Amino acid sequence: MPKPLPLSVAALLCLLSAPVVAQQGGAPATTASPNMPPGVTATTSNPNLAVASIKLENGKRLSTIIGATVYGQDAKELGKVDDLVMTGDNQVTLAVVSIGGFLGLGSKFVAFPFKSLTREGDRLILPGVTPESLNGMPNFQY
């Protein structure tokens, strides 16, 4: 007499034998909604789901600044941007630069006004700052 199949195997066979139904439809529709800001378009055929497509024309991506190397006077490397501090009205006011140390150990944090950082090509520059002048600055604490 053959042994009965375990319940889990029987359930799996039932699921595998069910017909597969694909969604029908063409390419997603692109529509502008009156509730969206200018430059945002919905690229979906589902009215409950809108995917925004915005091109950054002005401004800076903060992810490209955090971790960037900062150079000072005479193009000397000073350290890396460790963090950016924002005010309550979403304005970046401070750039926290990590100086010295090795692999993050023993480093010192120094804060500068964000507006004092300038960009020359791909480099972030703190004009007039030298590695020696950083040593005399107070340690920034969170």
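Which residues, counting only those in region 101-114, are free of Cβ contacts under 8 Å to residues at least 24 places away in the same chain and either surrounded by 10 or more Cβ atoms within 10 Å (Cβ to Cβ) or touching a Lys or Arg at 6+ places or on another chain (Cβ under 8 Å) (or both)? Outline the logic, then answer.
Let us first name the residues in region 101-114 that are free of Cβ contacts under 8 Å to residues at least 24 places away in the same chain, namely 101-106, 112-113.
Within region 101-114, G101, F112, P113 qualify.
Does K80 fit the bill of being among the basic types (K, R) and under 21 Å from L62 (Cα atoms)?
Details: among the basic types (K, R): yes; under 21 Å from L62 (Cα atoms): yes.
Here the answer is yes, as K80 does meet what is asked.
Look at region 102-119 and say how many of its residues are within 16 Å of P138 (Cα to Cα) and either of a type outside the set (A, V, I, L, M) or part of a loop (DSSP other than H, G, I, E, B) (or both). Full working, then the answer.
Within region 102-119, the first condition is being within 16 Å of P138 (Cα to Cα), and the residues that meet it are 106-113.
Now drop any that are not either of a type outside the set (A, V, I, L, M) or part of a loop (DSSP other than H, G, I, E, B) (or both), which leaves 106-109, 112-113.
Looking only at that region, the number is 6.
Determine, yes or no, whether T118 is farther than 17 Å from T64 by Cβ and at pLDDT 90 or above. Walk me through how you get there before you give the answer.
Numbers: farther than 17 Å from T64 by Cβ: no; at pLDDT 90 or above: yes.
Spelling it out, it is not the case that T118 is farther than 17 Å from T64 by Cβ and at pLDDT 90 or above.
Collect the residues in region 120-139 that are part of a strand (DSSP E or B) and surrounded by 12 or more Cβ atoms within 10 Å (Cβ to Cβ), keeping them in residue-number order. Give the derivation first.
Pass one, region 120-139, residues part of a strand (DSSP E or B): 120, 123-125.
Matches in region 120-139: R123, L124, I125.
With respect to L94, is the statement that it is at pLDDT 90 or above, of a type in the set (A, V, I, L, M, F, W, C) and outside any loop (DSSP other than H, G, I, E, B) true?
Numbers: at pLDDT 90 or above: yes; of a type in the set (A, V, I, L, M, F, W, C): yes; outside any loop (DSSP other than H, G, I, E, B): yes.
Against the criterion (at pLDDT 90 or above, of a type in the set (A, V, I, L, M, F, W, C) and outside any loop (DSSP other than H, G, I, E, B)), L94 qualifies.
The values are calculated or read from the model by the stated rules, or taken from the named source; none is laboratory data. The shown structure was predicted, so the numbers you read here are calculated from the model rather than taken from an experiment. Ideal geometry is used to build each Cβ from the backbone, glycine not excepted, and the neighbour counts take in all protein chains shown.
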